[in-house]
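Below is one structure, written out as structure tokens, with a few remarks after it.
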Amino acid sequence: VNSRIQAEQALARSWGFELRQSLFKDHIRKVVVPDPNPSEGTITTPDPVTPNVAPDAVALGVQTDTLIAGKQSAEAITLLWEAVDQAPYDLPVRKLLISTLIRIGANTEAVDECRRALLIWPGEETFRLAHIRCLLALGEADQAAEELQEAQVRNPDSLEILELKGNISLLRGLYQQARESFMTVLSREARPAVQASLALTVGLEGDTAEA
């Protein structure tokens with residue numbers, strides 16, 4: 001038990017330090033501790049212990065939506081950061097944090113958080129696919145391709161993975177490979193986003209051929 005608590009504390013400290021260096025560094029809430037008043041007791045008097053209540057992902061989601069709707073995205077991320085800091089192994093809260101980072105376009109922070117999450121939950125496909133999408137959004141096709149290889153080993157029949165494979169090929173300018181991936185996905189399931197990607201690929205492929 002002690003080793004797990006120590007691991008959680010180390011993870012929370014590492015995560016908190018990284019976030020403080022990011023674009024949210026000016027929004028991290030600070031606790032102000034007043035100086036002790038000798039007339040009210042000694043500094044050795046222990047404080048009452050507050051029960052460690054696990055965060056509620058559903059309630060946090062509602063609060064997050066409200067803050068973002070009020071154009072308070074940084075405050076929403078701070079709220080989620082505090083929740084993850086309190087419970088580093090809470091899967092729903094971690095998913096909410098990552099999805100919210102992606103939602104507000106903080107892809108760099110989302111990539112870092114996906115990496116941390118995968119260290120705890122290496123088999124969680126949600127985090128791996130989110131990681132790949134964020135890398136693509138940042139134009140990091142090579143890193144995305146490396147991560148995709150791991151995803152394919154774990155779930156070779158996933159249409160999500162095949163779609164991402166097409167997106168990576170498209171970003172690399174490998175239009176034929178991209179087209180084949182998108183067409184395979186569409187042959188199994190109608191997806192408007194994939195149809196749009198295929199149309200873009202065909203257009204770019206035609207422009208390259210004409211040139």
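The values are calculated or read from the model by the stated rules, or taken from the named source; none is laboratory data. Quick caveat, the model's predicted, so the values are computed rather than measured. Here the Cβ positions follow ideal geometry from the backbone for every residue, glycine too, while neighbour counts run over all protein chains shown. Quick note on the areas: whole protein, heavy atoms, side chains included, nothing else; ligands and nucleic acids left out. Shrake-Rupley method; radii C 1.70, N 1.55, O 1.52, S 1.80 Å.
Accessible surface ranking for ILE98, ILE120, 1.4 angstrom probe, highest first: ILE120, ILE98. With the whole protein complex present, ARG115 retains an accessible surface near 100 Å², based on a 1.4 Å probe. Classification of the range 99-147 by its C-alpha gyration tensor yields an oblate form. The axis ratio a/c (a ≥ b ≥ c) is 1.5 or more, and b/c is at least a/b. Accessible surface comparison of TYR89, TYR175, probe 1.4 Å, protein chains only, largest first: the order is TYR89, TYR175. Average 1/r across all pairs of distinct alpha carbons in the range 128-198, invert it, and you get the Kirkwood radius: 11.9 Å. Each of TRP121, TRP81 has its accessible area taken with a 1.4 Å probe; listed largest first, they run TRP121, TRP81.
Accessible area per residue was computed with a 1.4 Å probe on protein heavy atoms; PHE182 scores about 0 Å². Electrostatic tally near SER181: other residues with Cβ closer than 14 Å to its Cβ, Lys and Arg +1, Asp and Glu -1, net -1.
Note on VAL153: accessible area is roughly 120 Å² with a 1.4 Å probe, heavy atoms of protein only. Each residue of the range 185-194 was assigned a 3J(HN,Hα) from its phi angle through the Karplus expression (A = 6.51, B = -1.76, C = 1.60, θ = phi - 60°), giving 4, 5, 6, 9, 7, 6, 9, x, 5, 5 Hz with x at Gly and Pro. The range 93-139 and the range 150-174 have their alpha-carbon centroids 16 Å apart.
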